[in-house]
1. Go through (1) in contact (Cβ under 8 Å) with a residue 12 or more places away in the chain; (2) within 18 Å of the chain's Cα centre (by Cα); (3) crowded, with 17+ Cβ neighbours inside 10 Å and name the single condition A:Gly150 misses.
2. Out of the residues in region A:108-136 that are assigned to a helix (DSSP H, G or I) and touching a residue at least 60 places away in the same chain (Cβ under 8 Å), state the one that is farthest from the chain's Cα centre (by Cα).
3. Run down A:Gly106, A:Gly119 and say which single residue is more than 24 Å from A:Ala50 (Cβ to Cβ) and either modelled with pLDDT of 95 or more or at the interface with chain B (Cβ under 9 Å from one of its Cβ atoms) (or both).
4. Hey, A:Val76 hits all of (1) at the interface with chain B (Cβ under 7 Å from one of its Cβ atoms); (2) assigned to a helix (DSSP H, G or I); (3) closer than 14 Å to A:Glu161 by Cβ but one; which does it fall short on?
5. Residues that are farther than 26 Å from A:Ala189 by Cα, more than 11 Å from chain B (Cβ to nearest Cβ), β-branched (Val, Ile, Thr) and crowded, with 17+ Cβ neighbours inside 10 Å: does region A:125-143 have at least one?
6. If you go through region B:209-243 one residue at a time, how many are over 15 Å from B:Arg110 (Cα atoms), at pLDDT 85 or above and assigned to a loop (DSSP other than H, G, I, E, B)?
Amino acid sequence: MQKPIATTRSASGIPTGRLAIWWLLASEIVIFGGLLACYLLFRLGHPEWADAAAVTNTAIGATNTFVLLTSSFTAVLAHQAAERGDGKKAARFLVFTIIGACLFLGIKSYEWWYEISHGYTITSNGFWSFYYTAAGLHAAHVIAGAIAMGFVAKDAAQGKELQRVELVGIYWHFVDVVWIFLFPLLYIAK
Amino acid sequence: MTEHIDQTAPHDAGEHHDDGHHDVNYAKIYVALLVLLVISILGPELGITWVTLITAFGIALVKATMVINNFMHLKWEKNFIKWALVVSLLFVALFFFGVAPDVMKHDGLRWVNDAAIASVERGIEPPHGEEGEHAAEDGEGEDHAEEGDDTTVEGEGATETVAAAFSAPDAYSATCATCHGPNGGGDGPGAAALDPQPASFATTEFWDGVTRESMVNVIQNGGAAEGLSAAMPAWGALYSDDEIQQIVDYVETFQP
């Protein structure tokens, strides 16, 4: 089987695919970091935003944190299975992770539907603008990750391209890490 | 940066189902993460500020570190990967501290961000409020450098405020009351930061020194246009001539 060059080349001492994922994440840090830095700047300068943050549903946020942590766990189990050469098991764990992603998005949809139907929209004020922008950008990453994992799982089930299980996992853990910070920022801090 | 070979990732280039170095008890990490999650939810319930900060944000840092080290295996990664990520974080920090003085402070030596001050004053309205009120908040991020010559900046945030039917008292409370006070006493929340102090419309001295034309000119073109404080912004881009006349009529009601 002809492997892509990124799979086999390792000029830097680590597989090129993994290097690429880390570079991607380095740029993602600036995207999410910049957004969260802006949020912090305004939040600290506007004590009244606490009133809006109090409206967000901590229980839903916590449930989604739980879902993402669990999906990260299944993603790393997929990686472990791939390391042991068990593509079928890796694919199965990736499917669990995708289910976690869908669950996360479903809960998020319900949450947004509830908030929007109660009049809290992206134009309500600064807090809600950040809330929908940050959570929306994050949700877009969840969708992208779920799609990518679908492709990787399809190959992995046939024992192909097992190294990609780790790569998509690293990306997925990053999405989890972003949510770990979004959760206290948007839900807990009152 | 030095590379310690023994700490770094495998030397193999392709798939790595061979090395046993990722020997992490993932289930244990997962359970620890869940325990931390529970603490980070319960801690802030106590309502003590420092407990909230530690449990919400301190634990978020711990959780993120655990995921990054054990799930993403960053601790086994080559050092230059860590450096690349740290450099990204440094850029974010540079950005944060670079703009923090402008965004987080609402006044300074020669400027007042009156939209932000008004926004803090007003607080967050419940939803389904009046459209105009929400529109007014959109301007809260604008720093209004009050040099008297920045009509374009001033106009941005508040144009939508008057999209609804114009009312002089509303316009006064939206744009003037921050410094001149709700009853024209020159005692608004923004007044403390200003030198010279904003005019009080409740004194006879004020009315002795002005004409209707000079008031219109100051509102339209800023204090500097009449040789007065440059901290008084120009509102000509925001209000029409007729609206400014109505505002002057309203200000006259404060006359003692």
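1. In the conditions (1) in contact (Cβ under 8 Å) with a residue 12 or more places away in the chain; (2) within 18 Å of the chain's Cα centre (by Cα); (3) crowded, with 17+ Cβ neighbours inside 10 Å, A:Gly150 misses (3) alone.
2. A:Gly126
3. That would be A:Gly106, the only listed residue that is more than 24 Å from A:Ala50 (Cβ to Cβ) and either modelled with pLDDT of 95 or more or at the interface with chain B (Cβ under 9 Å from one of its Cβ atoms) (or both).
4. Single failed check for A:Val76: (3).
5. no
6. 2
The values are calculated or read from the model by the stated rules, or taken from the named source; none is laboratory data. Keep in mind it's a predicted model, so treat the numbers as computed, not measured. Using ideal geometry, Cβ is built from the backbone for each residue, glycine included, and neighbour counts are taken over all protein chains shown.
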